[in-house]
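The values are calculated or read from the model by the stated rules, or taken from the named source; none is laboratory data. Owing to the predicted nature of the structure, the values given are computational and were not obtained by experimental measurement. All accessible areas refer to the heavy atoms of the entire protein, side chains included, with ligands and DNA or RNA removed. Shrake-Rupley method; radii C 1.70, N 1.55, O 1.52, S 1.80 Å.
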Amino acid sequence: AAKTDNQESCIDYIGPDGAGHYVKMVHNGIEYSDMQLISETYFLLKKIVLMNNDELADTFNDWNQGELNSYLINITQEIFRKKNSSGKYLIDLILDSADNKGTGTWTSKSALDLAEPLSLITESVFFRYISALKEQRMHASKILHGPKINTLSSNKKDFIEKIRKALYLGKIISYAQGFSQLKASSEKYKWNLKYGSIAKIFRAGCIIRAKFLQKITDAYTENPNVVNLLLAPYFKDIANEYQSALRSVVSYSINNGIPIPTFSAAISYYDSYRTA
């Protein structure tokens, strides 16, 4: 099995029946939203802050040293620097049309059956579908109007930090939704899932491995009955501090006609969940 830095094996018994397959499916759903949040972040930094690929790589590299430390952030900064045999940046040559293998779709279908508001993962699935409508989008771009994008000439550093905070909080909300679905499925199918242990085995050898998975393990160790990760002390503090940055990024994006489905789903879920 894959090993963490301190040589812990990332393997465990998940539960009876198809519990292990189900947890892997939800892992893949969370991966969808992770990648969609990163792609929206990339688009904002490129279109509003006007970063070039090297600046993007440097920014993601900086972020990878802190809260956002993860496999996906790390490989993204490597992708930004990648050039083809002609010396052109590979990222600028890739078609903006994504396919999918179905696990995100299955996760969302299961969420509907369980009455779980899995909005970030579902939006990321929908956005793959809309990205595949390349010809329609090219046609619509000539017919449908939107605002002119106001690029930033000042306060760039401040806005970049807001995007970083929005990305981290968006990620937290996505994982909170994913683990809430695991809880609902565990109760329905009587799997007795151990959520802290699941977060622990995600730390190496899988796509969503990230530094903050340890915070999830800690939250469930402290309180095995936490109903939603947003209510756990560490995540509550981050949410309360970072929600204004997420709100600011979403508002700016909408006012400038930039599609941010998972960022907007994140603030919408956050505001809905905290409304008495």
- Item | Scattering profile of the range 110-170 at q = 0.17 Å⁻¹ [log10 I(q)/I(0), Debye over alpha-carbon scatterers] | -0.96
- Message: Based only on Cα atoms, what mean projected area does the convex hull of the range 122-234 have, in nm²?
- Response: 11.0
- Query: Can you work out D for the chain in µm² s⁻¹ from Stokes-Einstein, where Rh is the Kirkwood radius over C-alpha pairs, the temperature is 10 °C and the viscosity is 1.306 mPa s?
  - Reply: 81
- Query: What list of ³J(HN,Hα) values in whole Hz, one per residue of the range 101-111 in order, does the Karplus curve 6.51 cos²θ - 1.76 cosθ + 1.60 (θ = phi - 60°) give from phi, with Gly and Pro shown as x?
  - Reply: 9, x, 5, x, 4, 4, 4, 5, 4, 5, 4
- The set of residues whose placed amide H lies less than 5 Å from the amide H of Lys83, leaving out same-chain residues fewer than 5 positions away, is Leu90
- Note on the structure: At the level of C-alpha centres, the distance separating the range 79-144 and the range 169-233, in angstrom, is 25
- Item | the range 1-156: projected area of the alpha-carbon convex hull, averaged over directions, in nm² | 13.8
- Query: On a 0 to 90 degree scale, rounded to 10, what angle separates helix 233-255 from the longest Cα axis of the chain?
  - Reply: 30
- XL table Lys88/Lys134; Lys47/Lys215; Lys211/Lys236; Lys47/Lys171; Lys3/Lys190; Cα-Cα > 25 Å flagged, in table order, is Lys47/Lys215; Lys3/Lys190
- Message: If I fit a long axis through the Cα atoms of helix 119-131 and take the longest principal axis of the Cα atoms of the chain, what angle between them do I get, 0 to 90°, rounded to 10?
- Response: 40
- Query: Under a 5 Å amide H to amide H cut-off, with H placed in plane at 1.01 Å, what residues pair with Met51 once short-range neighbours are removed?
  - Reply: Lys46
- Message: Quick check: at a probe of 1.4 Å, how many percent of the accessible area of the chain sits on carbon and sulfur atoms?
- Response: 54
